[in-house]
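Participant: One structure coming up, written as structure tokens, with questions to follow.
Just so it is clear, none of the values below were taken in a lab; they were calculated from the coordinates. All values reported here derive from a predicted model rather than from experimental measurement. Backbone-built Cβ (ideal geometry, glycine too); neighbour counts: all protein chains shown.
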């Protein structure tokens, strides 16, 4: 399937539309919806390629629902997603990082049985430096057509409660990464697959079939400037990585940080690694930093479909039931064996079984504490 001839449309037809055990109407609807999402991504890619020449750089002089300053491109890319996906009768409603409330499909358009949650431009702080950015999306079904709940009204399927379901109920998820080439990475529950945009003809072509994350890695990504706010299990893990060959892990690790979740997750899918945006004490009232519905859930779905793991530190992300549209969670995801180690450290800490963590700078033979036993 990596012969350069399998387009996204053909992949979706083979994967969804021709499944004998699936509802033909439902699977065809999902396939068509993902084609709409891909069209939005193509439009965003073309807009970003223009750079500063496109007139979309700088602040929009507005803030989003999280109190964050919106870039002009945040607003423009959100509008592209809405306009591309609202009209063809596939969606009941949408949720976005840039919209405070649920966006119900306007009455002039037919309503469908899917729900779309998305972050139209992840890592937008990188725009002004021409850094890597992306888009993230998640798809849920409003109901199972074979279920008696199929009688619920369109209004009921378009309210906030319809979105507040754990990530394990996603029927599709993906992201686009806008780098030297534009890639769409997607899963419909049959593995994680990567498509590269062939700009000359406008097709996404399958280039990375059935991506698998190595179980082991020597690379981790975390914002080290927040170290003083981390919980002890995270500080323990990161310190072991920094100790490298001379520490208990007996091998060297590399640290990365791009400030774009899409870029971090894409690197992990391509070569392994661990991405961490853990719980911290910087803002005690905030459970985590990343949004569950349209950041953590879709990325966790992709990671698990590629053989990795995704946790909050203490539970599987895809099992977390959201309580608000824009609710946040801690995120630790990537190579299986390293994520399992981090989970074990959290368990040991919570049970009081781990040794108290102290930085080597404050050990008995540090620069700050003389060795009085000499």
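Participant: Within a 10 angstrom radius of the beta carbon, how do 86, 198, 97 rank from fewest other beta carbons to most?
Facilitator: Arranged by neighbour count, lowest to highest, 86, 198, 97 become 198, 86, 97.
Participant: Once R0 is set to 25 Å, what does the formula 1/(1 + (r/R0)^6) return for the Cβ-Cβ distance between residue 249 and residue 348, expressed as a FRET efficiency to the nearest 0.05? Could you put the intermediate results ahead of the total?
Facilitator: Numbers: r = 16 Å, r/R0 = 0.65.
Once the sixth-power term is evaluated, E becomes 0.95.
Participant: Please give the contour-minus-distance gain from residue 225 to residue 316: 0.36 nm per residue of separation, less the Cα-Cα distance, rounded to one decimal in nm. Could you put the intermediate results ahead of the total?
Facilitator: Numbers: separation 91, 0.36 × 91 = 32.76 nm, distance 2.59 nm.
Value of the extension gain: 30.2 nm.
Participant: Residue separation times 0.36 nm, minus the C-alpha to C-alpha distance between residue 203 and residue 128: what's the value?
Facilitator: Values: separation 75, 0.36 × 75 = 27.00 nm, distance 2.79 nm.
Computed gain between residue 203 and residue 128 is 24.2 nm.
Participant: Could I ask something else about it? Taking the Cα centre of each part, how many Å lie between region 276-294 and region 174-206?
Facilitator: What the calculation gives is 29 Å, centre to centre.
Participant: Which whole-number percent is the relative contact order of region 219-362 (Cα, under 8 Å, 6+ apart)?
Facilitator: Numbers: 217 pairs, mean separation 38.2, N = 144.
Relative contact order for region 219-362 comes out at 26 percent.
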